[in-house]
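*Asks:* I have a structure here, written as structure tokens, and I will follow up with some questions on it.
The values are calculated or read from the model by the stated rules, or taken from the named source; none is laboratory data. Every value quoted in this text rests on a predicted model; they were computed, and no experiment measured them. All Cβ positions, glycine included, derive from the backbone under ideal geometry; neighbour counts span all protein chains shown.
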Amino acid sequence: MAGNQTIELRQVSQAYGQNEVLSDISLSFKPASVTALLGKSGSGKSTLLQLINGMIKPSKGMVQVFGNEFDYKNAAQIRLGIGYVVQQVGLFPHLNIYKNISLLGKITKMQKENIRERVASLMDTVQLPASYLQKYPHQLSGGEQQRAGLCRALFLKPDILLMDEPFAALDYATKNAIYKYFLLLQQSEPCTVVIVTHEWKEAMTLADEYVWIENGKIKSNGTKEQLRLIQSEYHSE
């Protein structure tokens, strides 16, 4: 699995009853790059992430990760190579920050010393002090919680990182600070990132590529430079 960061969807559709959320999506994501999924609420962005993570099976078509069709019988093992970050952070309130970040290390039976080294390295990158490791999520600010959530998602050095509007609840100043930490992590440990966002500035700051989804279909996709060219059209929608 290591080193194979490919994600591909082939003629994927997803429907719930008569409601088709995604329609005939064929798409591949550029390895070791950040792709922004843009679109209005209800356009199908989050559903696409859930399909990549194997949380739901497509009604039609095929989802491929790590060079193979997603094996739903082996989903838990596959997800060890996929980090997932959501808006609500998802830290366990009854665990301190050290235990939250290191949880996957314990599950995969890593050596304790390796776990400590990995936690320290991640905390240093996102500039959270070591004293925070004994704190609980409610004792941290929203931005600090999100940084800890990033550390947890990246603990096993996943080849793929999925992010569902992870910074939407943060204020402007906190967002701009955390963008810096995210880009530092991506520079030091490049992975294939797919980030759902509805914010133009966030896409332009973080992403190398973009996919614009509208009413369950791909309206356009391309590079950051191409996204800049269609900025006025995006804002007029």
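*Asks:* Tally the residues that are at pLDDT below 90 and closer than 23 Å to residue 126 by Cα, restricting the search to region 189-237. It would help to see each step written out before you state the result.
*Replies:* Taking region 189-237 as the starting set, the residues that turn out to be at pLDDT below 90 are 198-201, 224-237.
Subsequent filtering for residues that are closer than 23 Å to residue 126 by Cα retains 199, 201.
Total satisfying the criteria: 2.
*Asks:* Residue 97 - would you say it is of a type in the set (Val, Ile, Thr), touching a residue at least 60 places away in the same chain (Cβ under 8 Å) and over 19 Å from residue 191 (Cα atoms)? Spell out the reasoning first.
*Replies:* Numbers: of a type in the set (Val, Ile, Thr): yes; touching a residue at least 60 places away in the same chain (Cβ under 8 Å): no; over 19 Å from residue 191 (Cα atoms): yes.
No, not satisfied.
*Asks:* Please specify each residue of region 136-163 satisfying the condition of being of a type in the set (A, V, I, L, M), within 13 Å of the chain's Cα centre (by Cα) and part of a loop (DSSP other than H, G, I, E, B).
*Replies:* Taking region 136-163 as the starting set, the residues that turn out to be of a type in the set (A, V, I, L, M) are 140, 148, 150, 153-154, 156, 160-163.
Within this subset, residues satisfying the condition of being within 13 Å of the chain's Cα centre (by Cα) are 150, 153-154, 160-163.
Across region 136-163, the qualifying residue is only 154.
*Asks:* Sticking with this structure for a sec: Taking region 151-169 as the region of interest, how many residues are at pLDDT below 90, aliphatic (A, V, I, L, M) and buried (at least 19 other Cβ atoms within 10 Å of the Cβ)?
*Replies:* Looking only at that region, the number is 0.
*Asks:* Would you confirm whether any residue within region 132-154 is among the hydrophobic types (A, V, I, L, M, F, W, C) and free of Cβ contacts under 8 Å to residues at least 40 places away in the same chain? Reasoning before the result, please.
*Replies:* So in region 132-154, the residues among the hydrophobic types (A, V, I, L, M, F, W, C) come out as 133, 140, 148, 150-151, 153-154.
When the remaining residues are screened for being free of Cβ contacts under 8 Å to residues at least 40 places away in the same chain, the result is 133.
Looking through region 132-154, at least one residue is among the hydrophobic types (A, V, I, L, M, F, W, C) and free of Cβ contacts under 8 Å to residues at least 40 places away in the same chain.
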